[in-house]
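Take a look at the structure below.
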Amino acid sequence: MNRQNGRKLVLICSMLLFPITIYYFSPQLIIVGAVNGIMTGSFIVFLAMLVSSVFLGRLFCGFLCPAGEIQECASLINDKHPKQGWRNKIKYVIWLVWVISVIACFIFRKHELRLNFFYQTDHGVSIANIYDYLTYYGVVFLIFIPSVVFGKRIFCHYFCWMAPFMVIGTKIGNLLHIKRLRLHADKNACVNCHKCNKLCPMSLNVSEKVQKEAMDDNECILCGACVDNCPRKAIFYHVR
């Protein structure tokens, strides 16, 4: 099994487990918990994303994120490249408003601070009764429908509340000069076939980055599609 097939298999498993794990990615649950002085499972998961991204960048988005697989399924219907630029900043505005709300809720909480990783789950399972599926399918359609209408991984680009944690973690790693997983390119090996552009799930202009030998990008999820499909192996993983 090659890397891309393995990546897709893991993403599919992550998506199938989403009814169990959805509350561990919930921004709303963190606010509810904060009001009651509870550090929830999603609080710990988001903190883990921040720390891990110092060393791994946005690898989680490319290999483990259930929302990523939902969108990759949607790309079978619409594989158009969405517009980027200033629109990619929308998620940071959403994230900042949410983080300020969380901090305020913790400051004005009703009870002493405590940890409950399985808060509002049924023995660790997020969707445990028929009524919870209304929430589940609401979230799934919130991710799936925009991708069908506007193009590949549009939710990642515009609205994802998880991506800013990993972008910030990556920048912290860069600031501290910590070795982390990156993409590297050899422009002399490139034949400008632009296959990398067509296969990039994040719709990045990979070939342009190869020519500049500057592969770092906040939107890159390190999925390796460009690495594994380059006919001249001009792009490769590198830890530096």
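Any read-out appearing in this document is the output of simple, stated calculations on the displayed coordinates, not a laboratory observation. Computed from a predicted structure; not experimentally measured. For neighbour counting, all protein chains shown are included, and Cβ atoms are generated from backbone atoms with ideal geometry for every residue, glycine included.
Roughly how big is the chain's charge dipole about its Cα centre, with Cβ charges of +1 (Lys, Arg) and -1 (Asp, Glu), in debye to the nearest 20?
Numbers: 26 positive and 13 negative charges, 152 e Å.
Here the chain has a charge dipole of around 740 debye.
Give, as a single signed number, the net charge of other residues whose beta carbon lies under 13 Å from the beta carbon of residue 73, with Lys and Arg counted +1 and Asp and Glu -1.
On the way: positive: 8, 152, 153; negative: 69, 72, 79.
Net charge around residue 73: 0.
Which order do peptides 224-232, 76-84 fall in by mean Cβ count within 10 Å, highest first?
Most protected by this proxy first, the peptides run 224-232, 76-84.
Subtracting the Cα-Cα distance from 0.36 nm times the residue separation, let me have the gained length for residue 233 to residue 10 in nm, one decimal.
Extra length available between residue 233 and residue 10 comes to 77.9 nm.
Please turn the phi angles of region 99-108 into ³J(HN,Hα) values with the Karplus equation 6.51 cos²θ - 1.76 cosθ + 1.60 (θ = phi - 60°), one per residue in order, whole Hz, x for glycine and proline.
Residue by residue, region 99-108 yields 4, 4, 5, 5, 4, 4, 5, 5, 5, 9 Hz.
Between beta-carbons, use under 13 Å as the cut-off and find the net charge around residue 170, counting Lys and Arg +1, Asp and Glu -1.
Working: positive: 58, 171, 179, 180, 182; negative: 216, 217, 219.
That sum, taken over residues with Cβ under 13 Å, equals +2.
With an 8 Å cut-off on Cα pairs and a minimum separation of 6 or more residues, tell me the relative contact order of the chain in percent. Write out the running numbers ahead of the final one.
Numbers: 372 pairs, mean separation 67.7, N = 240.
So the answer I get is 28 percent.
Using Cβ contacts closer than 10 Å as the measure, can you line up 21, 135 from fewest to most?
Least crowded to most crowded, the residues run 135, 21.
Toward the positive end of the charge dipole of the chain, about the Cα centre and with charges on Cβ (Lys, Arg +1; Asp, Glu -1), which of 184, 119, 174 goes farthest?
It is 184.
Return the inverse of the average 1/r over all pairs of distinct C-alpha atoms in region 3-178, which is the Kirkwood hydrodynamic radius, in Å to one decimal.
Hydrodynamic radius (Kirkwood, Cα pairs) of region 3-178 is 17.1 Å.
Quote the relative contact order of region 179-240 in percent (integer), defining contacts as alpha-carbon pairs under 8 Å separated by 6+ residues. Don't skip to the answer; put the middle values down first.
On the way: 96 pairs, mean separation 32.0, N = 62.
Normalised by residue count, the contact order of region 179-240 is 52 percent.
With θ set to phi - 60° and the Karplus curve 6.51 cos²θ - 1.76 cosθ + 1.60, what are the ³J(HN,Hα) couplings of region 115-131 in order, to the nearest whole Hz, using x for Gly and Pro?
Couplings: 9, 9, 4, 9, 4, 6, 10, 9, 6, x, 9, 6, 9, 10, 9, 4, 6 Hz.
Specify the angular offset, from 0 to 90 degrees and rounded to the nearest 10, of the alpha carbon long axis of helix 163-175 from the longest principal axis of the alpha carbons in the chain.
60
How much FRET efficiency would the formula 1/(1 + (r/R0)^6) give for residue 110 and residue 51, where r is the Cβ-Cβ distance and R0 is 30 Å, rounded to 0.05?
0.55
Where in the chain is the longest stretch that carries no chymotrypsin sites (Phe, Trp or Tyr not before Pro) classed as loop by DSSP and with at most 11 other Cβ atoms within 10 Å? Don't skip to the end; give the middle numbers.
Working: sites that count: 108, 131.
With a cap of 11 other Cβ atoms within 10 Å, the longest stretch comes to 132-240.
Among 58, 240, 7, which comes first, then next, by fewest other beta-carbon atoms within 10 Å?
Listing 58, 240, 7 from fewest to most nearby Cβ atoms yields 240, 7, 58.
Return the sequence-ordered ³J(HN,Hα) values of region 3-14 in whole Hz as given by the Karplus equation 6.51 cos²θ - 1.76 cosθ + 1.60 applied to θ = phi - 60°, using x for Gly and Pro.
Whole-Hz 3J(HN,Hα) from phi for region 3-14: 4, 5, 5, x, 4, 5, 5, 5, 5, 4, 4, 4.
What whole number of Å gives the distance from the Cα centroid of region 1-60 to the Cα centroid of region 93-114?
Here the two parts' Cα centres lie 19 Å apart.
Considering every Cα-Cα pair within region 149-200, what fraction, in whole percent, is farther apart than 12 Å?
When all Cα pairs of region 149-200 are counted, 78 percent exceed 12 Å.
Quick one: Cα centre-to-centre distance for region 182-220 and region 115-178, in angstrom?
Cα centroid of region 182-220 versus Cα centroid of region 115-178: 26 Å apart.
Are any of the pairs 89/209; 179/212; 89/110; 8/187 more than 24 Å apart by Cα-Cα distance, and if so, which?
89/110; 8/187, as the Cα separations exceed 24 Å there.
Give me, ordered by chain and number, the residues 5 or more places off residue 38 or on other chains with an amide H under 5 Å from its own placed amide H.
The list, which skips near neighbours in sequence, is 114.
Taking R0 as 41 Å, what's the FRET efficiency between residue 188 and residue 79 from their Cβ-Cβ distance, rounded to 0.05?
Once the sixth-power term is evaluated, E becomes 0.85.
What's log10 of I(q)/I(0) for region 151-240 at q = 0.21 Å⁻¹, Debye sum over Cα points only, no solvent?
Values, matching the q order: -1.05.
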